[in-house]
Amino acid sequence: MGIYNAYRYVAHRLYKVYKRANIFLSILRGYLRFKQSFIRRDIEGTGALAQQHSVAVFIHWEAKGFVHPYVVHYLEALREAGFSILFVTNAPKLPERSIEILKPLCMRILWRKNVGYDFGAYKEAVLYLEDRLPHLDRLMLVNDSVYGPLIPLNRSLQRADPALADVWSMTDSWERRYHLQSYFLLLYPRALKSREFLSFWKQIRYVNNKAFVISKYELGFTRAMLRGGLNVHALYPYEEIVAKVVEAWGSGARNTRELRRLHERTRAFIDQILDFIITGMPVNPTHFLWDQLVLRMGFPFVKRELLTQNPGNVPWLTLWEGIIRQASEYDTRMIRDHLKAHSQQR
């Protein structure tokens, strides 16, 4: 082994040790944080939250504390669907201009330190509402990680029958183990009055490690609800999504003229996703099947990360605007404006 290769090997090993140490220290700090609240400021909005029966907790983060138009649109859609809003921001700053935008839309605005990511914020919001939980008809937990709704939210919420499930998500996933995806959760009284629901949030530690939060809390939430005897379901379940995709892309369609005209990389992508589905290997539908969700199933959202980072290297994302316009009247300028702003922060 040459000196250069030896240096690279040692540097790589040291970097791995450094990363593991950082993960360990972030988890340790989370377990040593005995402080129960990281709320910096509690701001009164419009209306009395204590008198409401349908409440949406909306989690926000933005480097400069801006409230972008796509967020305003989402808040307005929640109000149109009958929800009063508790807005919780983890942003490092909260300009007065943002507060003035939020006040007419939200009944309460909580500005907190970004400790524990979204689940830390969800926890503080749930505990903030603790006395109200037994009196609520619906509690929604959502965040700003999606663009939309592309269609009126009530069209999707019609699927959320409390007789079928106590806890609903937009989509579910079988990656690692079955779980509801936490960017959108809707809970009915049986869940809100259960001991397991409140216990789950009270035991959460404010850990600033994304992998830990996903493994322990996003996956753990569904396990906790199931252990408590609650029924959980997705508005757009994975099985229903992949059935639509197989119908559209299945073996009978692979050789159609339309697919033959596609770019070679796109055809290879479709074949790979189909092979994953057929062999039972789960994929994230909000990334790999996003266009089929929007076009074929009336799905109301596009994941923000898909357009800002495309971590799965999904092809044809340059067509996102035309695909959304085929499915809805959503003003895609809100997405373009946010993408431009996001590019300046990188």
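The single residue among R8, R20, R13, R41 that is modelled with pLDDT of 95 or more and exposed (fewer than 15 other Cβ atoms within 10 Å of the Cβ) turns out to be R41. Restrict the check to region 116-129 and report whether at least one residue is assigned to a loop (DSSP other than H, G, I, E, B), out of contact with any strand residue (DSSP E or B) (no Cβ under 8 Å at 6 or more places or on another chain) and either open to solvent by less than 10 Å² (accessible area, probe 1.4 Å) or modelled with pLDDT under 95 (or both). Scanning region 116-129, I find at least one residue that is assigned to a loop (DSSP other than H, G, I, E, B), out of contact with any strand residue (DSSP E or B) (no Cβ under 8 Å at 6 or more places or on another chain) and either open to solvent by less than 10 Å² (accessible area, probe 1.4 Å) or modelled with pLDDT under 95 (or both), so the answer is yes. Inspect all residues belonging to region 259-277 and state whether any of them is modelled with pLDDT of 90 or more, closer than 23 Å to S182 by Cα, open to solvent by less than 70 Å² (accessible area, probe 1.4 Å) and among the aliphatic types (A, V, I, L, M). No: zero hits. Residues of region 315-324 that are out of contact with any Leu (no Cβ under 8 Å at 6 or more places or on another chain) and either open to solvent by less than 50 Å² (accessible area, probe 1.4 Å) or of a type in the set (S, T, N, Q) (or both): P315, W316, T318, E321, G322. May I ask you to list pairs of residues, at least six apart or on different chains, whose Cβ atoms are under 6 Å apart, with the first in region 77-100 being on the phi > 0 side of the Ramachandran plot and the second being modelled with pLDDT of 95 or more? Going by the 6 Å Cβ cut-off, the qualifying pairs are G82/S54. One residue stands out in region 325-344 among those that are small (G, A, S) and closer than 21 Å to F299 by Cα: the one that is least open to solvent (accessible area, probe 1.4 Å), namely S328.
In the set (1) over 20 Å from H135 (Cβ atoms); (2) in contact with a Cys (Cβ under 6 Å, 6 or more places away or on another chain), L94 fails one condition alone, (2). Listed by first and then second residue, the pairs with beta-carbon distance under 9 Å, at least 6 apart or on different chains, first residue in region 280-309 and surrounded by fewer than 20 Cβ atoms within 10 Å (Cβ to Cβ), second among the acidic types (D, E) and assigned to a helix (DSSP H, G or I), are M281/D275; H287/E305; R296/E247; M297/E240. Answer yes if at least one residue in region 237-246 is closer than 26 Å to L164 by Cα and at pLDDT 95 or above, and no otherwise. Taking every residue of region 237-246 in turn, at least one turns out to be closer than 26 Å to L164 by Cα and at pLDDT 95 or above.
Quick one: is V207 surrounded by 15 or more Cβ atoms within 10 Å (Cβ to Cβ), modelled with pLDDT under 90, within 30 Å of H135 (Cβ to Cβ) and within 26 Å of the chain's Cα centre (by Cα)? No, not satisfied. In region 32-72, of all residues being under 24 Å from the mean Cα position of the chain (by Cα), assigned to a loop (DSSP other than H, G, I, E, B) and aromatic (F, W, Y), the one that is nearest to I204 (Cα to Cα) corresponds to F38.
Filtered by the rule that a residue be out of contact with any Ser or Thr (no Cβ under 9 Å at 6 or more places or on another chain) and either in a strand (DSSP E or B) or among the hydroxyl-bearing types (S, T, Y) (or both), region 134-146 gives V142, S145.
All but one of (1) surrounded by fewer than 20 Cβ atoms within 10 Å (Cβ to Cβ); (2) touching a strand residue (DSSP E or B) at 6+ places or on another chain (Cβ under 9 Å) hold for I151; state the number of the condition that does not hold. The one condition I151 does not meet is (2). Across region 79-104, what is the number of residues that are assigned to a loop (DSSP other than H, G, I, E, B) and more than 22 Å from A48 (Cβ to Cβ)? Matching residues across region 79-104 total 6.
The values are calculated or read from the model by the stated rules, or taken from the named source; none is laboratory data. What you see is a predicted model; the values in this text were computed from it and never measured. Here the Cβ is made from the backbone with ideal geometry for all residues, glycine too, and neighbour counts use every protein chain on show. Note: areas computed on protein heavy atoms with side chains; ligands, DNA, RNA excluded. Shrake-Rupley method; radii C 1.70, N 1.55, O 1.52, S 1.80 Å.
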